[in-house]
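J.: First the structure, then my questions, so here it is.
None of the figures in this text is laboratory data; all of them are computed from the coordinates on show. A quick note: this is a predicted structure, and the numbers were derived from the prediction, not measured. Here the Cβ positions follow ideal geometry from the backbone for every residue, glycine too, while neighbour counts run over all protein chains shown.
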Amino acid sequence: MASASERQYWLSVYKRKGRSGLKRLVKGALVYQAGTLKQEDVLINQETGVIEAAAQSLSTDMADETIEAEGKLLAPGFIDVHIHLREPGGEHKETVRSGTKAAAAGGFTTVCAMPNTNPVPDSAETLKEVQSSLKDAFVHVHHYGSLTKSLKGEALTDMESLKNGGICAFTDDGVGIQQAGLMKEAMKRAAALGLPVAAHCEDNSLVNGGVMHEGKQAEALGLPGISSSAESVHIARDVLLAEETGAHYHVCHVSTKESVRIIRDAKKAGIHVTAEVTPHHLLLTEEDIPGDDPLYKMNPPLRSSSDRLALVEGLLDGTIDFIATDHAPHATEEKRGSMRNTPFGIIGLETAFPLLYTFFVKNNQLPLTKLIDWMSAAPAGIFQLKNGGIKTGERADLVLIDIEKPRTVIPQEIQSASSNTPFFGWELSGWPEKTFCSGRLVWDRKERE
Ligand SMILES: [Zn+2]
């Protein structure tokens, strides 16, 4: 149940939503524009949903409200092409409402939802059913259509009717496509339809009931391991199929150095392959797993430190194209117990930018402008999603970030309906303070204090 203060907060959001014509001036922020940062004023029109003006100095007379933002960062709203919303069918873990609220709190204004819902969007009818829950969304949501019926990996869906229903791409995320012949046929059809095939790469014959990375930590904890080849074997197979079919093959959540190497070579060979990496694989390794703790259980698992370094290197040299969270909510009771019998996955929307900003940008390992690009323009370009950047006339999808003030990740501030994260207690900087989606203020951290 929402607390009284939370109800009050959302009431105020709704009141503002209703006030048409409201104009807000974000004054003096460091504004990201096409790879550079400069101090500018940005005028947001809530009624039209667009940026009315962006210039060095705009008069406060133009606005109903001025947000003093000196020293803060104004970035394009982030885009996450890999999240699990759980609605319909898994509302005890997350709903469209709670998931997109978490997205807004993390600075995301566009998300793409994976098809492992109930029903699975595997036909025009079930896609419509899944899309019907979107009236509750705080940010823009796109859906994937599944590659195979009921994600069973047996029969392909009517991919054309899914495309006509408005999906962003095809995937069976959560499970790997085991049959090479089926994957080839899927790629052929996707290529003809001009949509990407996003692949969760996992060869079941190499998983062996593993729950974490096959390595010294799994051995020490006495837990079954998942080999690196369980992932990379599929990628090696699929880049060859992509070459043969001409499909756009997108690799979800890359986690091993071998995968990075195969993707790098495939790109060099001119094969149409793109790839994403999660914040947790960039930050954590098997050595960070404190024991048999399900909050560190995700698929693919946290790998070795040489894998982690290869992922950072891959991102920097363009082998990996962008960042996606793989936000995967599970209820508290489901994540209690042993890694052996709890589900894979952690939430990620709310901590993605603060984690990467704190541990990579502040430590001078990754440039801030690149991080923003990997979380906005890069995924938008590859998945052909709208992201016009911060300039006059563009859709006002924006996030204002306090890059100075550190905050500790605590359960009370989590907006997702689930709290399965290993990052509680971590002190991070770079928290989204206000998020605007089509000009509407959908997240305002200050008002919650
Ligand atoms: Zn996956």
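J.: Please give the length that would be gained between residue 386 and residue 68 if that part of the chain were fully extended, namely 0.36 nm times their separation in residues minus their C-alpha to C-alpha distance (nm, one decimal). Let's see the in-between values first.
T.: Numbers: separation 318, 0.36 × 318 = 114.48 nm, distance 2.76 nm.
Separation in residues times 0.36 nm, less the Cα-Cα distance, equals 111.7 nm.
J.: Another question about this same structure. Below 28 Å, Cα to Cα, which lysines can residue 152 reach? Residues fewer than 8 away in the same chain don't count.
T.: 93, 128, 163, 184, 188, 297, 335
J.: Report the FRET efficiency, 1/(1 + (r/R0)^6), for residue 134 and residue 37, where r is their Cβ-Cβ distance and R0 is 45 Å, rounded to 0.05. Don't skip to the answer; put the middle values down first.
T.: Values: r = 34 Å, r/R0 = 0.74.
The computed FRET efficiency comes out at 0.85.
J.: While we're on this one: Order these peptides, 360-368, 149-157, by their mean beta-carbon neighbour count within 10 angstrom, highest first.
T.: On the way: 360-368: 14.9, 149-157: 16.8.
In descending order of packing, they fall as 149-157, 360-368.
J.: Enumerate the lysines that residue 23 could reach by cross-link, defined here as Cα to Cα under 23 Å, with residues fewer than 8 away along the same chain left out.
T.: Answer for residue 23, where 23 Å is the Cα cut-off: 15, 38, 72, 101, 386, 391, 434, 446, listed by chain and number.
J.: In the chain, with Lys and Arg counted as +1 and Asp and Glu as -1 at Cβ, which of these residues, 121, 325, 67, has the Cα nearest the positive end of the dipole, that is, farthest along it?
T.: The Cα lying farthest towards the positive end belongs to 67.
J.: Can you give me the three principal axis dimensions of the chain from its C-alpha atoms, in Å, biggest first?
T.: 65, 48, 44
J.: Could you tell me which of 443, 45, 423 has its Cα farthest along the dipole of the chain towards the positive end, charges placed at Cβ (Lys, Arg +1; Asp, Glu -1), taken about the Cα centre?
T.: Final value for the positive-end residue is 45.
J.: Which value in nm describes the separation of the simple spin-label points at residue 244 and residue 334, placed 7 Å from the Cα toward the beta carbon?
T.: Simple spin-label model gives 3.6 nm for this pair.
J.: In nm, what is the difference between 0.36 nm times the number of residues separating residue 293 and residue 216 and their Cα-Cα distance? The partial results should precede the final answer.
T.: Numbers: separation 77, 0.36 × 77 = 27.72 nm, distance 1.62 nm.
In short, 26.1 nm is gained.
J.: Continuing with the same structure: Only loop residues by DSSP count here, and only those with at most 16 other Cβ atoms within 10 Å; note down the trypsin sites (Lys or Arg not before Pro) in the range 212-306 that meet that. Show your work: numbers first, answer last.
T.: On the way: sites: 216, 237, 257, 261, 264, 267, 268, 297, 303; in loops: 297, 303.
When the trypsin sites (Lys or Arg not before Pro) of the range 212-306 are filtered for loop state and at most 16 Cβ neighbours within 10 Å, nothing remains.
J.: For a quick check: sort 142, 200 by the number of other beta carbons within 10 angstrom, fewest at the front. Mind dumping the intermediate values first?
T.: On the way: 142 18, 200 23.
So the ranking, lowest neighbour count to highest, is 142, 200.
J.: Divide by every residue of the chain the summed helix terms, -39500 (n - 2.57) for each DSSP H run of at least 4, and state the resulting mean residue ellipticity at 222 nm, rounded to the nearest 500 deg cm²/dmol.
T.: Values: 13 runs with 124 residues, N = 449.
Only helices count here, giving -8000 deg cm²/dmol.
J.: Once Lys and Arg get +1 and Asp and Glu get -1 on their Cβ, which of 138, 299, 414 lies farthest toward the positive end of the dipole of the chain?
T.: Result: 138, furthest along the dipole toward the positive end.
J.: With a Förster radius of 41 Å, plug the Cβ-Cβ distance of residue 61 and residue 365 into 1/(1 + (r/R0)^6) and report the FRET value to the nearest 0.05. Present the calculation step by step, with values, prior to reporting the outcome.
T.: Working: r = 43 Å, r/R0 = 1.05.
The calculated FRET efficiency here is 0.45.
J.: With +1 on the Cβ of every Lys and Arg and -1 on the Cβ of every Asp and Glu, and nothing else charged, how large is the dipole of the range 78-383 about its Cα centre, in debye rounded to the nearest 20? Write down the numbers at each step before the final one.
T.: Working: 27 positive and 39 negative charges, 74 e Å.
It works out to roughly 360 debye.
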